[in-house]
Amino acid sequence: MTTKSGTQKVEAPPALTEIRWHGRGGQGAVTAAKLVAELALGQGKFFQAFPEYGPERSGAPIVAFTRVSDAPIQVYSGVEHPQIVVVLDPSLLSIVNVTAGAPDDAIVLVNSEMSPAELRRHYGLEGFAYYTVAATRIAVETIKRPIPNTPMVGALTRITGLFPIDDVVAFLREDFGKKFPPKVVEGNIAAITRSYEEVQAE
Amino acid sequence: MAVTQPEILAVTGNEAVAEAMGQIDPDVVCAYPITPQTEVVQLYAQMVADGRVSTEFVTVESEHSAMSAVIGSAAGGARTMTATSSQGFALMWEVLFVAASYRLPVVMTTVNRALSGPINIHCDHSDTMGGRDTGWIQLYGENHQEAYDNCIQGVRIAEHMDVRLPVMHMYDGYVISGAIGPLQMLTKEQVQAFVGPYRAVNPMLDTKNPVTVGPFDGLHGWYFEHKVAQNRAMDRAFKVIQDAADEYAELSGRRYGLLDPYRLDDAEIAIVVVGSTAGTTRMIVDKLRDRGVKAGMVRVRVFRPFPHEEFAQALQHVKVVGVMDRADSFGAQGGPVFMEIRSALYDCDPRPQVLPFIYGLGGRDIFPDNIEQAFAELEEAARSKGRASTGRRYLNLRKD
């Protein structure tokens, strides 16, 4: 069955989750894609994360992918039929077909101040299940920088149930704790937990 | 033998290989540290700066100089490694032959990427497939784990007294090199014990036993015999490569062969493929098998020396073989792997049909559907009475 909003639901091994990230250079989409892969590893799952490589220009549209699976992942190609689409910059909605190839029941998470209903009206969006979270504002208020990637992971955690939020927080404390000062670590944890709470469903 | 499994790490392919190099801790690494290099060299330079390894790191002004410095270092008597990719590999060209003909057991990581032009930095196998006649042993890895494992095994193969040839090991640019995937590492002690102490043969720095390296060998010299000796070393390398893999399996629990067959025993159609696309192909083989199609696959792990007898053995019962090349040989009958496989199967009776497929040039993605299309062509050829055309088939090529 094909609808105007999406293509036929594709057969994928039930245990395989495919995520496509749309962002702009500098927003941390690739880092977020990798963070989700590392979280999957922490859950004893198999994982893969990679960007669609191109010129690295700040502000240019970029795409990254994450696969999470209960079984070893053999496929090595870009994600064509993402069950989950994460959009780090709402302005991409008018210039990139972010839901290309996504099945009808795909989840689309957008960084936006709007509610999903407002977002639909504003961009004329049809089909799929939209969620929104004001990730840039949350990032500015918690991390003090307008980088929406970790808040988006917090929202993703809530709507997909891929990982328990407590595990995400524990992972950040452990992993970020090795690389960043405590202030940055706590800022990121606050960003993730806030967006976990504030993400809006339809 | 029971092997306790180490923890799984999430790393890029380049990080995996840099870690392998760090555990090998060679005496010298000579490398060109900027574009078109890969992250491997940058990560290794960091390890040197952090004092994690005892390697002398020699930066040079070009890849040609990198390979020249590698040759000097190895001829001097040091265990020497380097890494390269794409245009850098191409610039090393003339000196690659020198390293092989001096029988220097160097190990070089090469991240497979396209050659210009048009300018393109993405994955294909044009760089090292073009270097297949330089006299180096070539191992092609499939994923992060094998990139790490091949790097370590490469040292044993190169330095074996029956071989003494340089080894290049490859993995797919970006698809593996820049992607995050799982890796299980050995300990540094295990790796050190596996590679063993370095044994220099006729080192130039042994001043009590002076030797000449690289003299002129004119019309009445021994150039011809020298080349035959190189080829004999290639023949002996088959056993050395397999022995190294078997010994490594005891250490790691991971088994490697000269080639890597999958569901091939009763296959009527099969695909031959190199690198990361093997994973995607295996998935399609499973899907076709579920539908009752007798599909199989074999991955090329060792391309030089080319295990033609093993391939003939593995594929002789297959009706139609599709060979997927991620490099082309312009004006030839097909890509480099196609020509090897077709030649290897020539003496089989009945002789399988072998069809050439070209895919993924310049990083063009290869989707599961594209591989399914290739199998569909093989199925059709297997059903038809006559022999199919051996013209190139292109996968995921845009229409004009």
From the phi of every residue in region B:372-383, what ³J(HN,Hα) in whole Hz does the Karplus formula 6.51 cos²θ - 1.76 cosθ + 1.60 yield, where θ is phi - 60° and glycine or proline is x? 4, 4, 4, 4, 4, 5, 5, 4, 5, 5, 5, 6
Span from the region B:243-282 Cα centroid across to the region A:57-104 one, whole angstrom: 31
Enter the Cα centre distance for the pair region A:128-202 and region B:158-210, rounded to the nearest angstrom. 42
Karplus (6.51, -1.76, 1.60) ³J(HN,Hα), θ = phi - 60°, over region A:124-130, in Hz, Gly and Pro reported as x: x, 8, 10, x, 6, 10, 8
When the convex hull of its Cα atoms is projected in every direction, mean area for region A:17-198 (nm²): 9.9
Expected integer from the mean partner chain Cβ neighbour count at 10 Å over A:40-48 is 3
So what is the calculated 222 nm ellipticity per residue for chain A, using -39500 (n - 2.57) for each DSSP H run with n of 4 or more, over all residues, to the nearest 500 deg cm²/dmol? -11500 deg cm²/dmol
Taking only C-alpha positions in region B:1-68, Rg and Dmax in angstrom work out to 14.0, 48
Inter-part gap, Cα centre of region B:315-342 to Cα centre of region B:49-74, in whole angstrom, is 37
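Can you pull out the trypsin sites (Lys or Arg not before Pro) in region B:196-228 that DSSP calls coil and that have at most 13 other Cβ atoms within 10 Å?
Values: sites: B:Arg199, B:Lys208, B:Lys227; in loops: B:Arg199, B:Lys208.
Counting only loop positions with at most 13 other Cβ atoms within 10 Å, the trypsin sites (Lys or Arg not before Pro) in region B:196-228 are B:Arg199, B:Lys208.
Rounded to the nearest 0.05, what FRET efficiency do A:Asp105 and A:Ala71 give with R0 = 30 Å and r taken as the Cβ-Cβ distance? Could you check?
Numbers: r = 22 Å, r/R0 = 0.72.
Result of the calculation: an efficiency of 0.85.
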Can you compute the helix-only [θ] at 222 nm over chain B? Use -39500 (n - 2.57) per DSSP H run of at least 4 residues, normalise by all residues, nearest 500 deg cm²/dmol. -12500 deg cm²/dmol
Using the Cα centre as the reference, give the magnitude of the dipole from point charges on the C-beta atoms of region B:9-252 (Lys, Arg: +1; Asp, Glu: -1; all else neutral), rounded to the nearest 20 debye. 520
Relative to the first principal axis of the alpha-carbon coordinates of chain B, what is the inclination of helix B:13-24, with its axis defined by its Cα atoms, in degrees from 0 to 90 and to the nearest 10? 40
Is there a pair in A:Lys34/A:Lys179; B:Lys239/B:Lys319; A:Lys34/A:Lys183 whose C-alpha atoms are over 25 Å apart, and which pairs would that be? B:Lys239/B:Lys319
Do any trypsin sites (Lys or Arg not before Pro) in region B:261-305 lie in a DSSP loop with no more than 11 other beta carbon atoms within 10 Å, and if so, which? B:Arg291
Karplus (6.51, -1.76, 1.60) ³J(HN,Hα), θ = phi - 60°, over region B:248-253, in Hz, Gly and Pro reported as x: 5, 4, 5, 7, 10, x
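Can you tell me the length gained on complete extension of the stretch B:Glu61 to B:Arg289, counting 0.36 nm per residue apart and subtracting the Cα distance?
Numbers: separation 228, 0.36 × 228 = 82.08 nm, distance 5.25 nm.
Stretched out fully, the B:Glu61 to B:Arg289 stretch lengthens by 76.8 nm.
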Put +1 on the Cβ of each Lys and Arg and -1 on the Cβ of each Asp and Glu in chain A; which of A:Pro182, A:Leu39, A:Tyr196 then has its Cα farthest toward the positive end of the dipole? A:Pro182
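I need the chymotrypsin sites (Phe, Trp or Tyr not before Pro) found in region A:25-59, filtered to DSSP loop residues with at most 14 other beta carbons within 10 Å of theirs.
Numbers: sites: A:Phe46, A:Phe47, A:Tyr53; in loops: A:Tyr53.
Counting only loop positions with at most 14 other Cβ atoms within 10 Å, none of the chymotrypsin sites (Phe, Trp or Tyr not before Pro) in region A:25-59 qualifies.
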Amide proton proximity set for B:Arg393, modelled H, under 5 Å, gap of 5+: B:Phe357, B:Ile358
0 to 90° range, to nearest 10: angle between helix B:277-290 axis and chain B longest Cα axis: 30
Taking amide H positions as placed in the peptide plane 1.01 Å from N, state which residues far from B:Val107 in sequence (5 or more) or on other chains have amide H under 5 Å from it. B:Thr80, B:Thr82, B:Val167
Amide H of A:Ile62: which non-local residues (sequence gap of 5 or more, or other chain) have their own amide H closer than 5 Å, using H built in the peptide plane? A:Gly23, A:Arg24, A:Gly25
Evaluated over the protein assembly as shown, the Cα radius of gyration and Dmax, each in Å: 25.6, 86
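Arrange the peptides B:316-326, B:59-69 so that the one whose residues have, on average, the most other Cβ atoms within 10 Å appears first.
Ranking the peptides B:316-326, B:59-69 by packing returns B:316-326, B:59-69.
Over 31 Å apart: what share of the alpha carbon pairs of chain B falls there, rounded to a whole percent?
Values: 29317 of 79800 pairs.
Tail of the P(r) past 31 Å holds 37 percent of the pairs.
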Dipole check, region B:9-252, charges on Cβ (K,R +1; D,E -1), about Cα centroid: among B:Val28, B:Ala200, B:His144 the Cα furthest to the positive pole belongs to B:Ala200
Dipole of the protein assembly as shown, positive direction: furthest Cα of B:Ala233, B:Leu183, B:Val98, with charges on the beta-carbon: B:Val98
Roughly how many nanometres apart are two label points built 7 Å out from the Cα toward the Cβ at B:Arg254 and B:Gln313? 2.4
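Computed from the coordinates by the stated procedures, all read-outs in this text should not be read as laboratory data. In this text the structure is predicted, and so the values were computed from the model without any measurement. With ideal geometry, Cβ positions are generated from the backbone for all residues, glycine too; neighbour counts draw on all protein chains shown.
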